[in-house]
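Enquirer: Here's a structure for you.
The values are calculated or read from the model by the stated rules, or taken from the named source; none is laboratory data. Because the structure is predicted, anything quoted here is derived from the model rather than measured. Cβ coordinates were reconstructed from backbone atoms using ideal geometry, including for glycine residues, and neighbour counts include every protein chain displayed.
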Amino acid sequence: MFQRIHIMIIAVTLLLAGIPLSLLSLFTLRTYAEHNLHLVAMTISYTSEAAVVFNDKPAALDALNMIARREQIAEATITDVQHQVWVRWNSSTPSHESLNRLLRGWLLPSSVSGPIEHNGQLIGFVTLKADGSMLMRFLGYLLLGLLCCLILIALLSLYLVRRMHAGIVDELYAIAKVARQVREQRTYSLRVPHSQIAEIEELSRGFNSLLTEVESQHTLLINENGVLTYKALHDPLTGLPNRTCFMNMLESLNPRQERVCVMFLDGDGFKAVNDTWGHAAGDRVLVEVASRLSQQIRKTDMVARLGGDEFAILLRNIEAPREAERVARGILQAVPQPIVLSNGVRVSMTFSIGFTLSSPHSQPAVLLDKADAAMYRSKQRGGGWSVL
């Protein structure tokens with residue numbers, strides 16, 4: 001469609017340029033032919049002056065034949081002062097006579113006359129009619145040259161149009177390619193390359209600005225989703241993973257590939273701190289306890305706050321029960337250390353710990369129930385740790 005429109009524009013342009021040039025050329029040709037006929041008439045007038053004076057018709061006819069044939073004259077006539085024909089010469093080449101008459105009628109004057117004088121006295125007239133054969137050949141050459149020029153211009157224009165079309169298509173394809181990659185891969189960091197075409201460059205700038213805005217909003221959305229996800233999976237007070245995060249981690253593990261230990265911890269003495277010194281003091285104790293619990297495990301393990309003074313620990317890649325027992329003993333030694341409140345009062349709390357080890361066919365719910373039962377067994381015994 002784009003190429004057809006440009007080809008039509010080129011054709012119309014060539015016609016609009018060619019027609020005025022052709023008309024101007026024909027007008028110039030007519031003016032030149034008329035002027036040339038006047039010059040030929042003057043030449044014949046000078047040449048035939050003596051023949052007219054001495055009434056020598058053969059000499060006058062020879063002069064007409066010599067000059068008119070050389071100058072491509074169709075008919076030459078010498079008349080007396082009463083306009084009576086004295087001598088007449090006609091061309092002996094009547095080929096294409098109808099076409100010659102047609103061209104003479106359109107492009108040449110019908111006839112040109114000039115006086116014949118002797119010593120300043122009018123003695124006759126010479127009348128000429130041009131031959132259109134030379135004009136026909138000239139027009140043929142002119143049309144052939146014009147046609148060749150038009151063909152060359154059309155071919156050059158077609159080449160330039162196709163080249164411009166290819167350039168525009170390539171630029172638009174680059175924009176479409178980036179749009180497709182952004183849609184399919186969500187790669188909002190992509191940008192459309194610069195273009196040498198001003199309109200395409202303006203479009204590329206607008207598209208890149210849109211991508212920048214989308215990328216900014218997408219990044220903001222990801223960050224906000226990350227914050228919301230973090231808040232949904234972590235305890236706001238201690239920063240530890242919450243029950244949901246703990247359950248997700250436990251359910252994602254494959255007990256056939258690694259052995260894990262699920263450990264439940266329930267605080268002993270925390271209610272007294274809350275009742276005596278207030279919730280702010282209780283929060284201070286929970287934050288410190290969470291920090292101490294985190295120091296007792298490895299980076300691959302997880303400690304989570306389930307709620308209140310209840311915590312849970314997930315130990316991964318446990319080879320033997322003694323590894324879990326070592327962690328439990330470390331907790332029972334570290335947590336009871338005194339915690340200094342903002343008013344200078346020292347308080348402490350400890351835990352009742354229960355844990356269980358997984359088997360290749362263990363289910364998360366079963367592990368949680370066993371760890372919970374082991375914890376209550378420890379609590380009934382007044383603290384410490386127990387295993388099921």
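Enquirer: Considering only residues that are under 23 Å from R256 (Cα atoms) and in contact with a helix residue (DSSP H, G or I) (Cβ under 6 Å, 6 or more places away or on another chain), which ones fall in the range 359-386?
Expert: Passing the criteria: only P364.
Enquirer: Another question about this same structure. Check every one of the helices (runs of 4 or more DSSP H) wholly within the range 1-115 and list those with 2 or more residues that are crowded, with 18+ Cβ neighbours inside 10 Å and modelled with pLDDT of 80 or more. It would help to see each step written out before you state the result.
Expert: On the way: elements: 2-47, 49-53, 57-70, 97-107.
Because the criterion is at least 2 residues that are crowded, with 18+ Cβ neighbours inside 10 Å and modelled with pLDDT of 80 or more, the helices (runs of 4 or more DSSP H) in the range 1-115 that meet it are 2-47, 49-53, 57-70.
Enquirer: Same structure again: Tell me whether the range 235-252 contains one or more residues that are surrounded by fewer than 16 Cβ atoms within 10 Å (Cβ to Cβ), aliphatic (A, V, I, L, M) and assigned to a helix (DSSP H, G or I).
Expert: For the range 235-252, residues surrounded by fewer than 16 Cβ atoms within 10 Å (Cβ to Cβ), aliphatic (A, V, I, L, M) and assigned to a helix (DSSP H, G or I): absent.
Enquirer: I'd like to check something: does the range 292-301 contain any residue that is over 60 Å from the mean Cα position of the chain (by Cα) and surrounded by 16 or more Cβ atoms within 10 Å (Cβ to Cβ)?
Expert: Step one: filter the range 292-301 for residues over 60 Å from the mean Cα position of the chain (by Cα), giving none.
No, every residue in the range 292-301 fails to be over 60 Å from the mean Cα position of the chain (by Cα) and surrounded by 16 or more Cβ atoms within 10 Å (Cβ to Cβ).
Enquirer: Something else about it: Every residue in the range 372-382 that is more than 19 Å from R243 (Cα to Cα) and either surrounded by 16 or more Cβ atoms within 10 Å (Cβ to Cβ) or within 60 Å of the chain's Cα centre (by Cα) (or both), please. Quick ask: steps written out before the conclusion?
Expert: Filtering the range 372-382 down to residues more than 19 Å from R243 (Cα to Cα) leaves 377-382.
Within the range 372-382, R377, S378, K379 qualify.
Quick grid of which residues meet (1) outside the structural domain of A304 (by TED's automatic domain parsing); (2) free of Cβ contacts under 8 Å to residues at least 24 places away in the same chain; (3) of a type in the set (A, V, I, L, M):
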| residue | (1), (2), (3) |
| --- | --- |
| H194 | yes, yes, no |
| A198 | yes, yes, yes |
| E201 | yes, yes, no |
| S204 | yes, no, no |
| N208 | yes, yes, no |
| V214 | yes, no, yes |
| I222 | yes, yes, yes |
| N225 | yes, yes, no |
| L228 | yes, yes, yes |
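Enquirer: If the requirement is being part of a helix (DSSP H, G or I) and either outside the structural domain of N90 (by TED's automatic domain parsing) or touching a His at 6+ places or on another chain (Cβ under 9 Å) (or both), which of these qualifies: Y159, Y141?
Expert: Working: Y141 fails: either outside the structural domain of N90 (by TED's automatic domain parsing) or touching a His at 6+ places or on another chain (Cβ under 9 Å) (or both).
Only one candidate passes the filter, namely Y159.
Enquirer: Take the residues in the range 175-190 that are surrounded by fewer than 14 Cβ atoms within 10 Å (Cβ to Cβ) and without any contact (Cβ under 8 Å) to a residue 24 or more places away in the chain; name whichever of them is nearest to the chain's Cα centre (by Cα). Before you say what the answer is, go through the steps one by one.
Expert: Taking the range 175-190 and keeping what is surrounded by fewer than 14 Cβ atoms within 10 Å (Cβ to Cβ), we get 176-177, 180-181, 183-187, 189.
Remaining after also requiring without any contact (Cβ under 8 Å) to a residue 24 or more places away in the chain: 176-177, 180-181, 183-185, 187.
Working: A176: 6, K177: 7, R180: 11, Q181: 12, R183: 14, E184: 17, Q185: 17, T187: 16 Å.
Of everything passing the filter in the range 175-190, A176 is nearest to the chain's Cα centre (by Cα).
Enquirer: Collect the residues in the range 133-174 that are more than 19 Å from the chain's Cα centre (by Cα) and not aliphatic (A, V, I, L, M), keeping them in residue-number order. Reasoning before the result, please.
Expert: Step one: of the range 133-174, the residues more than 19 Å from the chain's Cα centre (by Cα) are 133-161.
Result: S133, R137, F138, G140, Y141, G145, C148, C149, S157, Y159.
Enquirer: If I filter the range 204-214 for residues that are surrounded by 16 or more Cβ atoms within 10 Å (Cβ to Cβ), under 30 Å from Q181 (Cα atoms) and of a type in the set (S, T, N, Q), do I get at least one hit? Break it down into steps so the answer makes sense when it comes.
Expert: Going through the range 204-214, the residues surrounded by 16 or more Cβ atoms within 10 Å (Cβ to Cβ) turn out to be 204, 207-208, 211.
Filter again for under 30 Å from Q181 (Cα atoms), leaving 204, 207-208, 211.
Now restrict to residues that are of a type in the set (S, T, N, Q): 204, 208.
Scanning the range 204-214 turns up at least one residue that is surrounded by 16 or more Cβ atoms within 10 Å (Cβ to Cβ), under 30 Å from Q181 (Cα atoms) and of a type in the set (S, T, N, Q).
Enquirer: Could we say that L135 is part of a helix (DSSP H, G or I), surrounded by 14 or more Cβ atoms within 10 Å (Cβ to Cβ), at pLDDT 75 or above and in the same structural domain as S22 (by TED's automatic domain parsing) here?
Expert: Numbers: part of a helix (DSSP H, G or I): yes; surrounded by 14 or more Cβ atoms within 10 Å (Cβ to Cβ): yes; at pLDDT 75 or above: no; in the same structural domain as S22 (by TED's automatic domain parsing): yes.
For L135, the condition - part of a helix (DSSP H, G or I), surrounded by 14 or more Cβ atoms within 10 Å (Cβ to Cβ), at pLDDT 75 or above and in the same structural domain as S22 (by TED's automatic domain parsing) - is not met.
Enquirer: Separate question: Exactly one of these conditions fails for A198: (1) under 30 Å from T350 (Cα atoms); (2) modelled with pLDDT under 90; (3) exposed (fewer than 12 other Cβ atoms within 10 Å of the Cβ); (4) of a type in the set (A, V, I, L, M). Give me its number.
Expert: (1)
Enquirer: Follow-up. When you check L128 against the structure, is it crowded, with 17+ Cβ neighbours inside 10 Å and at pLDDT below 75, yes or no?
Expert: Working: crowded, with 17+ Cβ neighbours inside 10 Å: yes; at pLDDT below 75: no.
So L128 fails the test.
Enquirer: Among the candidates I313, I318, I353, which residue alone is closer than 25 Å to C245 by Cα, modelled with pLDDT under 90 and either in contact with a helix residue (DSSP H, G or I) (Cβ under 8 Å, 6 or more places away or on another chain) or surrounded by 13 or more Cβ atoms within 10 Å (Cβ to Cβ) (or both)?
Expert: Answer to the selection: I318.
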